[in-house]
Each structure stands twice: as structure tokens, then as C-alpha cells.
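The values are calculated or read from the model by the stated rules, or taken from the named source; none is laboratory data. On a predicted model such as this, the values are computed, not experimentally measured, just so you know. Note: ideal-geometry Cβ built from the backbone for every residue, glycine included; neighbour counts use all protein chains shown. Please note that ligands, DNA and RNA were not included when accessible areas were found on the heavy atoms of the full protein model with its side chains. Shrake-Rupley method; radii C 1.70, N 1.55, O 1.52, S 1.80 Å.
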Number of protein chains: 2
Amino acid sequence: MPTEHVARRGRLAAILRERGLAAAVVTDLVNVRYLTGFTGSNGAVRVSEDGSAVLATDGRYRDQAAEEAPDVEVVVDRDLLGALSKETGGAQRVGVETHALTVDDYDEARERFGEVELVSLGRAVEQLRVVKDEEELDALRRACDISVQALDEVLAGPLLGRTEREIARDLEWTMYAKGAEAIGFETIVASGPNTAIPHHDPTNRPVGRDELLKIDFGARVDGYHADCTRTVVVGRADAWQREIYEAVRVAQQAGVDACREGAPVADVDALVRQVLADAGWLEAFTTGLGHGVGLRIHEDPFLSAKAPARLERRTALTMEPGIYVAGRGGVRIEDTLVVTDGAPELLTVATKDLLELA
Amino acid sequence: MPTEHVARRGRLAAILRERGLAAAVVTDLVNVRYLTGFTGSNGAVRVSEDGSAVLATDGRYRDQAAEEAPDVEVVVDRDLLGALSKETGGAQRVGVETHALTVDDYDEARERFGEVELVSLGRAVEQLRVVKDEEELDALRRACDISVQALDEVLAGPLLGRTEREIARDLEWTMYAKGAEAIGFETIVASGPNTAIPHHDPTNRPVGRDELLKIDFGARVDGYHADCTRTVVVGRADAWQREIYEAVRVAQQAGVDACREGAPVADVDALVRQVLADAGWLEAFTTGLGHGVGLRIHEDPFLSAKAPARLERRTALTMEPGIYVAGRGGVRIEDTLVVTDGAPELLTVATKDLLELA
């Protein structure tokens, strides 16, 4: 399988040259995976300004590193930073991930690197990860396909009288059966008044008749996360349930439609809030609007009023407005989508009409 | 339910007084949970030398913090470190977790704390966590009970012809059904030659006749992790399988028996290695011997030849020697146990005789 890792390291190398850095020592394991393909639990990679790379790991991962990262030099050494400090001459500047490196590890690095000046690389690799390449989009598509297929099966029912936990486990089991390598995050299944809690751990509460049922879930495939929420009614929806559902549906669709290359993130956020405000429900929207999604379930960019960025093409995002009324109930509708120069590519293709199910 | 959090903070306060620190600002979320009971994903706690505590978190967790940590003052503020820096006078020394705090967060803390001198608290809270209190042992016992009961059901079969993944998902499902709040870590199910890989991700390989089947798994209950491995033969064991099984069984039992209050950790490690060496299999033992287990699946103390410590009473540990022969197969037997002044309390009570199953 051709991999994009060389190109990713090339983009990082260009940043290093821009900033006058001889190399970056990347220690955040998700970033290490992004740059090399290595998925072990202990490793660090040095990427030099010419794009060459050395991956350091310990003996447990010797074979795995060679297999997963065939195009980089692998050094096996328990002292990762020590290994990566070698071959770095003096009077150089090397970037390190000060947002991920602990104080103790940083002090150790300074000792290992001696005369080399360590400077903050910032979230350079996280910023590269905002724009997905084809290999990443392919994994995201597969993760989302598995997720919505599993949801379809679970929503086929029965739902009435089953507990939140049973529904959550059933959904997870179905995602595994369809090829998920893992469950992307702790599945939220909330029924009745519990739907008012944005992040609710499934309980042994059975789903009652004519209640809202909110399911926030996603599969992981090749390290990439799907993130999807649907809210349905088990039985018949009453007028209030219909009202908040429709308010969220319209706001969510407006948000999806606004996700276009070049759109200021803050404008997308403002638009969705305006739609909710027009419907009289803005105060009941108490969470963030959405977030980037990829090797982490929550990653850059985060959608908010203060976000300075514009949306870039091939950015994978969630769009997840909601209404939460304590003690009564709530609705959230969430898609994972990919920004294009036209309408976004929806990865979680499942109806957003209000379903009344058994 | 009475909780031990006050006593835990009291033990930390005693350390602070010993070291001349006015307070500790604890930011590692597992340590925050240990000291307060708070399980949210964003929080930090300041414990003062008099044992008083202030927990800072953001608005999402206002109710949850009040409920989970009723005996500490809760401050809601997005700027956790800013909130915890207030009321701290100048000319004081405050401990921070430099092994857990990132360089960027530390720089921010230094700014927030102004004239207060920040010094490394080291792994003080992790060291407190080595010795479990009754509340912790109770959670560990329940996690281990659920785990071995689930294993029993899955080993009842059928096993032959099922895939590693099917067995893993079945075991996980069963742990949930028995009351696990989560699966403690990625379940390992390895069959045939895959048993030679110490940490093997379950695949779609069906278990063949007369093959080794290795299962490393555990439930999580109230935040506490069970960790257990059993290896069986599906069909009839041949002489080689019996030989390596017996070598591991004897070494593991020797290790368990050696875990006694006051025993030097390095001696336990040396003893097990000697037993494996006497059987001619030491070189095939390529992993660590065991580790502490509690709120984290891997925590202090780690069993190794270099560990300086002696075992303390009420320490929860795994004992998990193994033999791994690449391309052929392997055996691991692992228990979670609690150190006492006599024979250890075994928490994963399941036979270690070689089972030949269908």
C-alpha cells in the first residue's frame, strides 16, 4: 500500500526550513504515527530539514517499527531522546513539542542535546493534520460507513424497554462485527430526561415509550475516528420534541452548508447560533459546535466564535449543535464531514428526518 | 458511601510539610481523581499543607464536581491554574507535577503563580497510590471477579474455529454484562503462532485444533483495572506445549509466592528469572515481570531487576512471566494480587492447570 508518510514529513521539513530549524524531535505519539505510520506505545521521531527521519523506539517494537515505518531509519534504544540527539551537530536549533513534552522530559532532552538549542515547535504537526490526505480520508470514510451501518441495524429495533447500556453495547458489538478496529470513544446513549445531559454515560435505565433517544458514537478504523450523533423518538413524538428537533435540524443543516473552503470558522459558528437564536433556543445550546476529527477524536480546528482560522479544503470536521433542557430532554444531531470548495462531503450519511421508532 | 479521599489528601499534606511546601498543585487527572473523586476530563486540585483542597474545573463539570467531590471547595474557571494560584501568598514554595505537566502549561503556571516558587513534586501522588486503601481494594476485587467470571463463560466454549476477534468481543461483552463500566485495556486474544507475540491485536484468524490460545484481558470497575492472562490449549496439548506451559506455571507460582511485604522487588524479579533459567527458558522471557495496577492499568511499582523498592503491604501487582518462541508459540500466565504480610491475596482466582478445551 502506498503511504503518504514521506509527503507528510516533506511538509514538516518545509516548515523547519522556514523557521530556520535543523530538525524537529516529535514525541507526541499521534504525531509520530502521522509522520511515520508507527503505532507503538513508545517512540519518537526526528525529522530533519531535508525530510530525512529517524524513528527511535524500544526493543519491544523492533519488528513492528520496521514493518510499519519501512521508509525511515529505526533506532532501538530505551533512551529515545538520547538516541535522537546523536548525529545532531552543535550550534543548531531543534524544535520540540513543548505542548506535549513534560517538564521532566524536556529537562532530560536539554541534557541529551547539549549545545543544541531547543525551541518550541508549537502545534506544527497538529496544523499539518488539519488538512487530510487521501489515505486519511479513505480511513475516515470507512470508519463513518461502518458506524452508520451499525446504527441502522440497531435502530431497526426493538428499542422500547431496552436499557441505554444494552443499546450502547449492541451498537459497539455491531461496529466491531462490521470491521471497526476499536470503538472511537465512550458511546453515549441517553433516553428520556437523560438526553438533556450533553455527555451522558449509558445507564441501566430502560427506554420508555414516546421518549427521546440520543446516540453519540463512532468506530475507529486504521486509527481514524468517526463521530456521529442521531436523536430519535421511541414511539410518537409530541409537539415539544418536534419543536426542538426541528430547531436543531435546521441549525445543523445551516452549519453543514456553511462549511466551505475559505469560510471563517467564527462565521460558521455565528451563523448556527443565529439560526438557534431565531428559533428561540440559543441559550439551550451549551456545548461546542464541532471539532476536527482524525487520528484523535477531538483535534484542530475547534469550531468557536474565537477561532481565527478559515476552513481549509480536505479538513474533516464534526457539526453538532444541540438543545439541552435540564430535567426535560435534549436533541443533538452530528455529522462528520469533509470541507471542499463546494458543498461538503458528508461522511455520516444517515437520515436526519425525525424518526419515530419502535 | 464513606470515601477515603480526606485521608489520601492528609497523606499528601504530610509529605508537603516534610518538604517545606505550602501546597501541591496536582494536574495529572488520575491523581486528581485519586485525591478528590472527580472523574471529569478537565480539572486540577490544590492541596495545602493543612490538608485543605480546592478543585478547579470548567463549567461543563460544575454539577459533577460538586457531586463527586463533596468535601472539597470547587472553583469553576476555564483558567485552572489561574484559579488555583489565587489565595496563595508570595514567598512560598508550591509543588507541581513536572513529570505530567507539559512545558507550555508549566510556563503558564509560572506566569500565573508570579512570585511563588514552583518546584517539582515528583511522583509523590503516584507513590501514595502504590499502597491501596480498602475502597481501592474493594474496586479491584470486583473488577477481578467480573473478569474471571467472564473468562469462565467464554472458555466454556465453543472455541475451536472461532476467530481471535470473536473471542475477544465475546469476552468484552460478557464483562460488560457482569457489570464492568469499561474494558480496562485492549483485549489480547492470540492463537497458534500468534501466541508468540507478547502483545497481539486479535485478528480474524480462527483458532485451530491443538493450538495454544492466550487471553490477556480485564474489566474496569469504579476506575480500577483488573489484569489477567490465561493460556489454554484448544484440543490436545503436545509435549512442547506442556513443557513451556509448565515452565511458566512454576515460575509464575514462585513469583506469586515471593510477593510478600518487605521483599525487595529486584529479588522477586531475580527469583522468577532463576526459575525460568533452570528450566532452560530464560531467553524466551522477553517482557517485564509485572507492574502495579489500580487507577491505571500500568502504574508504580514496576517489577524489574533495577527496581530499588521493597514491596509494601496492600500493593496491587500483576505477576506475569511468559515464554515466547517466534513462529511457534508462547504462554503467559498472569494474576493480579495484593501484597500482605503472608501469602498474597490473589484477586484473579482461576485455575492455572493446563486446560485442554473444545
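Which condition number does B:Thr3 fail, the rest of (1) open to solvent by 10 Å² or more (accessible area, probe 1.4 Å); (2) assigned to a helix (DSSP H, G or I) being met?
Result: B:Thr3 passes all but (2).
Please state which one of B:Arg142, B:Arg123 is over 30 Å from B:Pro193 (Cβ atoms), touching a residue at least 60 places away in the same chain (Cβ under 8 Å), of a type in the set (Lys, Arg) and assigned by TED's automatic domain parsing to the domain that holds B:Val26.
B:Arg123
Taking segment A:114-145 only, how many residues are away from every other protein chain (no Cβ under 14 Å) and part of a helix (DSSP H, G or I)?
17
State all residues of segment B:23-51 that are among the hydroxyl-bearing types (Ser, Thr, Tyr), surrounded by fewer than 24 Cβ atoms within 10 Å (Cβ to Cβ) and without any contact (Cβ under 8 Å) to a residue 40 or more places away in the chain; if no residue qualifies, say none.
Across segment B:23-51, the qualifying residues are B:Ser41, B:Ser48.
Collect the residues in segment A:217-244 that are hydrophobic (A, V, I, L, M, F, W, C) and either within 19 Å of A:Leu171 (Cα to Cα) or assigned to a loop (DSSP other than H, G, I, E, B) (or both), keeping them in residue-number order.
A:Phe217, A:Ala219, A:Val221, A:Ala226, A:Cys228, A:Val232, A:Val233, A:Val234, A:Ala237
Here's the yes/no breakdown for (1) among the charged types (D, E, K, R); (2) at pLDDT 95 or above:
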| residue | (1), (2) |
| --- | --- |
| A:His200 | no, no |
| A:Asn204 | no, no |
| A:Glu211 | yes, yes |
| A:Cys228 | no, yes |
| A:Gly235 | no, yes |
| A:Trp240 | no, yes |
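Being within 18 Å of the chain's Cα centre (by Cα) and of a type in the set (D, E, K, R), is that true of even one residue in segment A:228-241? Lay out the reasoning, then the answer.
To start, the set of residues in segment A:228-241 that are within 18 Å of the chain's Cα centre (by Cα) comprises A:228-230.
Narrowing further to those that are of a type in the set (D, E, K, R): A:230.
Taking every residue of segment A:228-241 in turn, at least one turns out to be within 18 Å of the chain's Cα centre (by Cα) and of a type in the set (D, E, K, R).
Filter segment A:11-37 for residues that are more than 12 Å from A:Arg129 (Cα to Cα) and in a helix (DSSP H, G or I) and give the result. If you could, list the steps in order and put the result at the bottom.
Taking segment A:11-37 and keeping what is more than 12 Å from A:Arg129 (Cα to Cα), we get A:13-29, A:36-37.
Answer for segment A:11-37, where residues must be more than 12 Å from A:Arg129 (Cα to Cα) and in a helix (DSSP H, G or I): A:Ala13, A:Ala14, A:Ile15, A:Leu16, A:Arg17, A:Glu18, A:Arg19, A:Leu29, A:Thr36.
Any idea how many residues of segment B:198-221 are charged (D, E, K, R) and within 14 Å of chain A (Cβ to nearest Cβ)?
Number of matching residues: 2.
What single numbered condition from (1) crowded, with 16+ Cβ neighbours inside 10 Å; (2) hydroxyl-bearing (Ser, Thr, Tyr); (3) assigned to a loop (DSSP other than H, G, I, E, B) fails to hold for A:Thr287?
(1)
For B:Glu181, which of the numbered conditions (1) touching a strand residue (DSSP E or B) at 6+ places or on another chain (Cβ under 6 Å); (2) within 20 Å of B:Thr351 (Cα to Cα); (3) open to solvent by 50 Å² or more (accessible area, probe 1.4 Å); (4) of a type outside the set (Lys, Arg) fails to hold?
Checking B:Glu181 against (1) touching a strand residue (DSSP E or B) at 6+ places or on another chain (Cβ under 6 Å); (2) within 20 Å of B:Thr351 (Cα to Cα); (3) open to solvent by 50 Å² or more (accessible area, probe 1.4 Å); (4) of a type outside the set (Lys, Arg), the one that fails is (2).
Would you say B:Ala168 is out of contact with any Cys (no Cβ under 6 Å at 6 or more places or on another chain) and part of a helix (DSSP H, G or I)?
Against the criterion (out of contact with any Cys (no Cβ under 6 Å at 6 or more places or on another chain) and part of a helix (DSSP H, G or I)), B:Ala168 qualifies.
Of all residues in segment A:166-192, count the ones that are touching a residue at least 40 places away in the same chain (Cβ under 8 Å), farther than 19 Å from A:Pro206 by Cα and more than 9 Å from chain B (Cβ to nearest Cβ).
Matching residues across segment A:166-192 total 6.
Residue by residue, here is whether (1) hydroxyl-bearing (Ser, Thr, Tyr); (2) closer than 30 Å to A:Thr3 by Cβ; (3) open to solvent by less than 50 Å² (accessible area, probe 1.4 Å) holds:
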{"residue": "A:Asp138", "(1), (2), (3)": "no, yes, no"}
{"residue": "A:Ala143", "(1), (2), (3)": "no, yes, yes"}
{"residue": "A:Val148", "(1), (2), (3)": "no, yes, yes"}
{"residue": "A:Leu151", "(1), (2), (3)": "no, no, yes"}
{"residue": "A:Leu155", "(1), (2), (3)": "no, no, yes"}
{"residue": "A:Leu160", "(1), (2), (3)": "no, no, no"}
{"residue": "A:Arg165", "(1), (2), (3)": "no, no, no"}
{"residue": "A:Ala168", "(1), (2), (3)": "no, no, yes"}
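What's the number of the condition A:Asp278 fails, among (1) closer than 18 Å to A:Val130 by Cα; (2) acidic (Asp, Glu); (3) open to solvent by 30 Å² or more (accessible area, probe 1.4 Å)?
All conditions pass for A:Asp278, except number (1).
For (1) in the same structural domain as A:Leu276 (by TED's automatic domain parsing); (2) in contact with a Lys or Arg (Cβ under 8 Å, 6 or more places away or on another chain); (3) open to solvent by 20 Å² or more (accessible area, probe 1.4 Å), each residue gets a yes or a no:
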site	(1), (2), (3)
A:Gly294	yes, yes, no
A:Leu303	yes, no, no
A:Lys306	yes, no, yes
A:Arg310	yes, no, yes
A:Arg313	yes, no, yes
A:Thr318	yes, no, no
A:Gly322	yes, yes, no
A:Val325	yes, no, yes
A:Arg332	yes, yes, no
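What single numbered condition from (1) away from every other protein chain (no Cβ under 11 Å); (2) touching a Ser or Thr at 6+ places or on another chain (Cβ under 7 Å) fails to hold for A:Leu155?
Every condition holds for A:Leu155 apart from (2).
Is it the case that segment B:55-69 has a residue that's in contact (Cβ under 8 Å) with a residue 24 or more places away in the chain, open to solvent by less than 60 Å² (accessible area, probe 1.4 Å), β-branched (Val, Ile, Thr) and outside any helix (DSSP H, G or I)?
Taking every residue of segment B:55-69 in turn, none turns out to be in contact (Cβ under 8 Å) with a residue 24 or more places away in the chain, open to solvent by less than 60 Å² (accessible area, probe 1.4 Å), β-branched (Val, Ile, Thr) and outside any helix (DSSP H, G or I).
Is it the case that some residue within segment B:269-280 is within 30 Å of B:Val154 (Cα to Cα), in a loop (DSSP other than H, G, I, E, B) and in the same structural domain as B:Ile244 (by TED's automatic domain parsing)?
For segment B:269-280, residues within 30 Å of B:Val154 (Cα to Cα), in a loop (DSSP other than H, G, I, E, B) and in the same structural domain as B:Ile244 (by TED's automatic domain parsing): absent.
Spot the failing condition for A:Ala237; the list is (1) free of Cβ contacts under 8 Å to residues at least 40 places away in the same chain; (2) surrounded by fewer than 22 Cβ atoms within 10 Å (Cβ to Cβ), and only one is missed.
(1)
Could you check segment B:89-109 and list, in sequence order, the residues that are over 24 Å from B:Gln127 (Cβ atoms) and surrounded by 15 or more Cβ atoms within 10 Å (Cβ to Cβ)? First the steps, then the outcome.
Keep residues of segment B:89-109 that are over 24 Å from B:Gln127 (Cβ atoms), which gives B:89-91, B:104, B:107-108.
Within segment B:89-109, B:Asp104, B:Glu108 qualify.
Do we find that B:Leu171 is farther than 19 Å from B:Arg236 by Cα and in contact with a strand residue (DSSP E or B) (Cβ under 8 Å, 6 or more places away or on another chain) in this structure?
Spelling it out, B:Leu171 is indeed farther than 19 Å from B:Arg236 by Cα and in contact with a strand residue (DSSP E or B) (Cβ under 8 Å, 6 or more places away or on another chain).
Of the conditions (1) outside any loop (DSSP other than H, G, I, E, B); (2) within 23 Å of B:Arg296 (Cβ to Cβ), B:Ser41 clears all except one; give me its number.
(1)
Within segment A:76-94, can one find any residue that is hydroxyl-bearing (Ser, Thr, Tyr), assigned to a loop (DSSP other than H, G, I, E, B) and touching a Lys or Arg at 6+ places or on another chain (Cβ under 9 Å)?
Yes, some residue in segment A:76-94 is hydroxyl-bearing (Ser, Thr, Tyr), assigned to a loop (DSSP other than H, G, I, E, B) and touching a Lys or Arg at 6+ places or on another chain (Cβ under 9 Å).
Quick one: is B:Thr287 touching a Pro at 6+ places or on another chain (Cβ under 6 Å), in the same structural domain as B:Val232 (by TED's automatic domain parsing) and of a type in the set (Ser, Thr, Tyr)?
So B:Thr287 passes the test.
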